[in-house]
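The values are calculated or read from the model by the stated rules, or taken from the named source; none is laboratory data. If you're wondering where the values come from, they're calculated on a predicted model, not measured in any experiment. Heads up, the Cβs are rebuilt from the backbone with ideal geometry, glycines too, and the neighbour counts pull from every protein chain shown.
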Amino acid sequence: MREQAPQELAVKSVLDIRTYRNGAGARDEFVRLMAEGTVPMLRRYGIDVVSFGPSIHEDDHSFLIRFFGSLQEREEQLASFYGSDEWLTRYDDQIMALIETYHTVVIPASREVALALATASRREDVGARKDRAGLLHGLMLRVVSSDKAGDVDPATTLAFEQAGPMAWARYEGGKVRLGFLLGALSGSRLECRYVQMANDDRVDGGHSTCVVGVMPDGRVRLTERFQWDTRRGSGTNVFEEIPEPPGNLGGSYVPPVPWSQRV
């Protein structure tokens, strides 16, 4: 029986692994553009981004890993992406100016392998995120458990930012029209104050202590013990980082954010 040549094998899902050599001093800007522009665009086009960011081995290299259901899907999705007006007018010239060379390797891989790689990447990113912009920086969290004495519920989401020990968030949804919290993070404890307006126009505020933890899959969890200052009541809420949506298996790299852009 004749052995099949590699190109004759039935290849189903694949990983597309692309490495870049960036120009001198260009890598940070390149990764920033990926994080803020091209990776969100890839995800809008339905392309699964497994991971991306700077190489930990060479300071002028970076990488991007994508997952596709088949070779044909890869060809069709990338043709649609790189042929779009958005790519050609907004990113093509900017990105290519920051690349000296790049190489692409495509290998067969199941979705389970891609998910495992994405999860491992997220776990590694937790520690790196602490060093760059703070563990909470850039995270979206949702309520998974709420106390009847509070106003938040599963429809409430929180958008966090962090600069050093200072952390703040905007929250809304459910009974809350709009709310803000501001606090200081020390170790795994976040001491904060919050103020909000409910859908009935009532304004309330209070203080809380949150314990910050990391779940086995690398996502962040906050357990909050709150006390109202403007009305009676106290209780416990639990918030968890929102899982990556379709088209985003992982790779939550957050580049350094200048102080001037954080306030």
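May I ask you to list the residues in region 29-59 that are of a type in the set (Asp, Glu), in contact (Cβ under 8 Å) with a residue 40 or more places away in the chain and farther than 17 Å from Asp92 by Cα?
Across region 29-59, the qualifying residue is only Asp48.
Take residues that are touching a residue at least 40 places away in the same chain (Cβ under 8 Å) and tell me which of the strands (runs of 3 or more DSSP E) falling wholly in region 153-252 contain 2 or more.
157-163, 189-198, 203-214, 220-228, 234-241
Quickly run through region 66-94 and pick out the residues that are touching a Phe, Trp or Tyr at 6+ places or on another chain (Cβ under 7 Å) and within 20 Å of Ala35 (Cβ to Cβ).
Phe81, Trp87
Considering only region 95-105, I want to know if a residue exists there that is loosely packed, with under 12 Cβ neighbours inside 10 Å, farther than 21 Å from Pro54 by Cα and either within 23 Å of the chain's Cα centre (by Cα) or modelled with pLDDT of 95 or more (or both).
No - not one qualifying residue is present in region 95-105.
Which of (1) in contact with a Lys or Arg (Cβ under 9 Å, 6 or more places away or on another chain); (2) under 30 Å from Glu241 (Cα atoms); (3) at pLDDT 95 or above does Phe81 not meet, given it meets every other one?
Unmet condition: (1).
In region 56-64, is there at least one residue being in contact with a His (Cβ under 9 Å, 6 or more places away or on another chain), in the same structural domain as Ile99 (by TED's automatic domain parsing) and aromatic (Phe, Trp, Tyr)?
No, the conditions are met nowhere in region 56-64.
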